[in-house]
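Before any comments, here is the structure.
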Amino acid sequence: MRFKEKLVLRTGGGRGIGKEITRRFAAEGATVVIASRKLENLEDAAREMESLPGRVLAKACHAGRAEQLEELVAWTTAEAGPVDILVNNAATNIGQGPALDVTDQALAKTLEVNVFAAYRLVRLIAPSMINRGWGRILNIASIAATRPMPGGLVYSTTKAALLMMTRVWAAEFSRHGVLVNAISPGLVQTD
C-alpha cells in the first residue's frame, strides 16, 4: 500500500506495458487515471483491476492533441485531485523504414505523441507538484533511444528527445522535491 494516498496519471493504452504499470500502482493502493484514444480498451483494463486495493479510472484522450491533454488534466483534477505521479507512456511507432523514406507527416505525428505529449503534460502538471514540494514523473523511453536501429530513425529520434527532456526536467525540478526518471525497455512481447 505504498501508494495508497497517491494519484497517478498514466497515458498510453489499456494493454501492454501501460496496463502492467497500472496494475502495479493499483496493487499498491493508488488511484490511477488511465488515458488513451480507445476508451473500450481502458474500460476493459479498469474492470480487470476492480479487485485490487487501488482504483482505476478511464478517460479517452488522444495524446497527440494539446486540447485533449488539457481536458484530461482538468478532468483528472476534478475527479480525483492533483496528480502526484505522472507516467508518460503514450507512444506511436510509425515511419519505420529507410531513413531517406521518412515523410514529414510520419515525423510530425510521431513527435506529437512521443515528445509533445510528455512535454505538454509536464507543463500542465509539474507546477502543482513543485508548489506542493512533491511529485514523480516517469517517462517510458526505449532502448532505441540509445542504440541506432536501421529503419528506426523516427522512433529512435523521438525517444532520444524524451531522454534528454527527462534529464533537463530532473536537473530543474529535483530541488523542489519532484523527481523525474525514464525507463528504457527493450523489445517486450505484449498482446
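Checking the stated criteria, P185 turns out to be open to solvent by less than 60 Å² (accessible area, probe 1.4 Å), under 26 Å from K6 (Cβ atoms) and either at pLDDT 95 or above or part of a loop (DSSP other than H, G, I, E, B) (or both). Output the residues belonging to region 101-123 that are open to solvent by less than 20 Å² (accessible area, probe 1.4 Å) and either at positive phi or of a type outside the set (A, V, I, L, M) (or both). T110, N114, listed by residue number. Taken over region 161-186, the criterion of being within 25 Å of R15 (Cβ to Cβ) and either without any contact (Cβ under 8 Å) to a residue 40 or more places away in the chain or basic (K, R) (or both) is satisfied by L163, T166. Of all positions in region 49-65, at least one carries a residue that is open to solvent by 20 Å² or more (accessible area, probe 1.4 Å), more than 20 Å from D84 (Cβ to Cβ) and of a type in the set (D, E). Residue under question is V154, and the condition is that it be of a type in the set (A, V, I, L, M), part of a strand (DSSP E or B) and open to solvent by less than 30 Å² (accessible area, probe 1.4 Å); does it hold? Criteria not met by V154. Based on this model, can you work out whether T77 counts as among the hydroxyl-bearing types (S, T, Y) and surrounded by 22 or more Cβ atoms within 10 Å (Cβ to Cβ)? Here the answer is no, as T77 does not meet what is asked. Taken over region 16-32, residues that are in contact with a helix residue (DSSP H, G or I) (Cβ under 6 Å, 6 or more places away or on another chain) and open to solvent by 10 Å² or more (accessible area, probe 1.4 Å) amount to 2.
Would it be correct to say that A35 is buried (at least 20 other Cβ atoms within 10 Å of the Cβ), touching a Cys at 6+ places or on another chain (Cβ under 6 Å) and under 17 Å from L121 (Cβ atoms)? Judged against the criteria, A35 is a match.
The values are calculated or read from the model by the stated rules, or taken from the named source; none is laboratory data. Predicted model, so just to flag it, every value in this text is computed and none were measured. Glycine also receives a Cβ, built like all others from the backbone with ideal geometry; neighbour counts cover every protein chain displayed. With ligands, DNA and RNA removed, areas are computed over all heavy atoms of the protein, side chains included. Shrake-Rupley method; radii C 1.70, N 1.55, O 1.52, S 1.80 Å.
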